Amino acid sequence: MQVDNFKIFADLVETKSFSKAARLNGVTQSAVSQQARAMERNFNTLLIDRSQKQFQLTREGERVYQSSKEILHVYDKLVSELMEMKKVISGTIRISTIYSIGLHELPPFIKSFLSEFPSVNVRVEYRRSNLVYEDILHNSVDFGLVAFPAKSRQIDIIPFREDQLVIICHPDHSLAKRGSLTVDDLATHKFISFDPDIPTRKAVDQIFRDNKIEIEPVMEFDNIETVKRAVEIDAGIAMVPQATVTQEVKQGTLVSVPLEGSGFTRPLAILHRKGRVLTPAMKKFIKTLTGNEA
């Protein structure tokens, strides 16, 4: 048995999908099925209960899965320790991030990191927030970057930074000349928001509830770029992270107005699966983002 056999089996168990396990390991779905059967022949026992409609392990399969995780952890730890002994900072870091962070917060950090560690390859995928958590749990990526991080027993959360939430509007909008705004000032204006399942939308809705204001969005979008485009055509106003509109404000296509009071912030965080062995490159990447050693 090779380490790859254990990894493919563990990925199969965690994703409960032959096709997803295949994508994670760069092999065909048939190869994953063959690997599972090869493990059953090797241990001379049934590992997957094929009588069930849904993916389910036998008792022996569960034991092999737990041991596979232990073997992979020891192997990853060994590789990481050898790299540290050689002072090698290389490899690939896979990141899953929501659009607003990936497009507006992350680029300068990646540029700085790659300048210092050119032997490291950084791959970034743009995903909806719920899919970032899935990517972490399925070991599809090394790190996730989200706003308003949700606590999980299986995920470690590292605070990254905090965004200030501001109101954006068209330059000709009646609010554009205001130096600041209260939440009450927003009540009579058309409002553009994110889709209901997006964490920033939930936080904005809570702000309105706390201030006893009922606002029904005229438009809802799943990413920051489409929200901004809608505001640019004067379809309404929106509450967004300040860092995401720096360019548009500079170009004069949008106006950003601060909110009076406190609590109008959006916490950002780095996620990784609990117990994951961090390579030297991963530790350096966390330090670049947070300024602290991992």
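Readers should treat all values here as calculations from the given coordinates under stated rules, not as data from a laboratory. Remember, it's a predicted structure, so these values are computed and weren't measured experimentally. Cβ coordinates were reconstructed from backbone atoms using ideal geometry, including for glycine residues, and neighbour counts include every protein chain displayed.
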task = Just name one of 124, 67, 139: the one whose Cα is farthest towards the positive end of the charge dipole of the chain (beta-carbon charges, Lys/Arg +1, Asp/Glu -1).
result = 67
note = Env charge @ residue 220, Cβ radius under 13 Å, K,R +1 / D,E -1, value -2
request  = Looking at the chain, send over the antiparallel percent of its DSSP beta bridges, to the nearest 5.
outcome  = 60 percent
inquiry  = For a Förster distance of 30 Å, can you work out the FRET efficiency between the beta-carbons of residue 81 and residue 152, rounded to the nearest 0.05?
reply    = 0.65
remark   = One finds, for residue 90 and residue 44 with R0 = 41 angstrom and r their Cβ-Cβ distance, a FRET efficiency to the nearest 0.05 of 0.55
query = Size of the stretch 218-270 along its principal axes in angstrom, Cα-based, largest extent first?
reply = 30, 23, 22
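Helix hunt in the chain: which complete DSSP H runs extend at least 30 Å axially by C-alpha with mean Kyte-Doolittle at least 1.0?
On the way: long enough: 59-85 (39 Å, -0.65).
The qualifying helices: there are none.
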task = Take every Cα pair under 8 Å in the stretch 7-124 that's 6+ residues apart, average their separations, divide by the length, and report that relative contact order as a whole percent.
result = 19 percent
remark   = As straight-line cross-link partners of residue 53, the qualifying lysines (C-alpha separation under 18 Å, not fewer than 8 residues apart within one chain) are 16, 20
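Distance check, please: which entries in 202/250; 151/212; 111/177 exceed 32 angstrom between their Cα atoms? Working shown, then result.
Values: 202/250 28 Å; 151/212 27 Å; 111/177 36 Å.
The answer is 111/177.
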message = What lysines does residue 86 reach when the alpha-carbon gap must be under 17 Å and sequence neighbours fewer than 8 apart in one chain are set aside?
response = 77, 283, 284
task = Let me know the charge dipole size of the stretch 211-294 about its Cα centre in debye, to the nearest 20, where only the beta-carbon of Lys, Arg (+1) and Asp, Glu (-1) is charged.
result = 880 debye
ask   = How high is the relative contact order of the stretch 163-266, in percent, counting Cα pairs under 8 Å that sit 6 or more residues apart?
value = 51 percent
note = Amide H contacts under 5 Å for residue 91, restricted to residues at least 5 apart in sequence or on another chain and with H modeled in the peptide plane, are 121
task = Take 86, 228, 53 and order them by how many other Cβ atoms sit within 10 Å, fewest up front.
result = 53, 86, 228
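Restricting to DSSP H runs of at least four residues, report the calculated mean residue ellipticity at 222 nm for the chain, -39500 (n - 2.57) per run over all residues, nearest 500 deg cm²/dmol.
Working: 10 runs with 120 residues, N = 294.
That calculation yields -12500 deg cm²/dmol at 222 nm.
Just want to confirm a number: the relative contact order over the chain, from Cα pairs under 8 angstrom separated by 6+ residues, in percent.
Numbers: 463 pairs, mean separation 63.8, N = 294.
For the chain, the relative contact order is 22 percent.
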ask   = Can you work out the FRET efficiency for the pair residue 211 and residue 128, with r the C-beta to C-beta distance and R0 = 25 Å, to the nearest 0.05?
value = 0.35
key: Interchain or long-range residues, amide H under 5 Å from residue 125's placed H   = 95, 96, 97
query = Taking H as built 1.01 Å from N, whose amide H comes closer than 5 Å to the amide H of residue 238, not counting residues under 5 places away?
reply = 168, 192
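How charged is the neighbourhood of residue 197? Take every other residue with its Cβ under 12 Å from the Cβ of residue 197, and add Lys/Arg as +1 and Asp/Glu as -1. Please list the in-between numbers first.
Values: positive: 128, 201, 202; negative: 195, 205, 220, 222.
Charge balance in the 12 Å sphere: -1.
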